[in-house]
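What follows is calculated from the coordinates using simple rules that are stated; it is not laboratory data. Predicted, not measured: the structure shown is a model, and the values here were computed from it.
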């Protein structure tokens, strides 16, 4: 069964898992493709269910028993589940995924900025990172 996993920058990763695979297998394959296998514990997969717009995939349960909307290929979003201070991240690729998620949260209004000065600083850092 195919799973389509969207990164925070909207790049899609296609992974193939067994139809009875658990969520952990899908996450491990995605993290392996991105080169962040050593720090995969910080990440999770979100999906849209019939009951709620954003639900974390339970990594211990089979994918097809979790109420994922639609038929295969299933669609998930790779997101940071556990935020840690940047100095604890070992790999640049993991840092980059954290950056992409923070940037997406800022753009979509989920990350609130206290003051105009802080907002200006964040925008400057994002511009600097994307050059």
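Descriptive notes on the structure:
- Relative intensity of region 48-90 on a log10 scale, I(q)/I(0) at q = 0.17 Å⁻¹, equals -0.58, per a Debye sum over C-alpha point scatterers of equal strength in the absence of solvent.
- Ratio of the Cα radius of gyration of region 76-120 to 2.2 N^0.38 Å, where N counts its residues: 1.28
- Label assignment, Rg and Dmax of the Cα atoms in Å derived from the structure, set (i) 15.8, 50; (ii) 18.0, 56; (iii) 16.8, 56: (i)
- Across region 56-131, the fraction of Cα-Cα pairs farther apart than 14 Å, rounded to a whole number, is 72%.
- Relative contact order (percent, whole number), region 2-129, Cα cutoff 8 Å, 6+ residue spacing: 27
- Beta bridges by DSSP in the chain, antiparallel share as percent, to the nearest 5: 75
- Based on every Cα atom in region 1-58, Rg and the maximum pairwise Cα distance Dmax equal 11.4, 33 Å.
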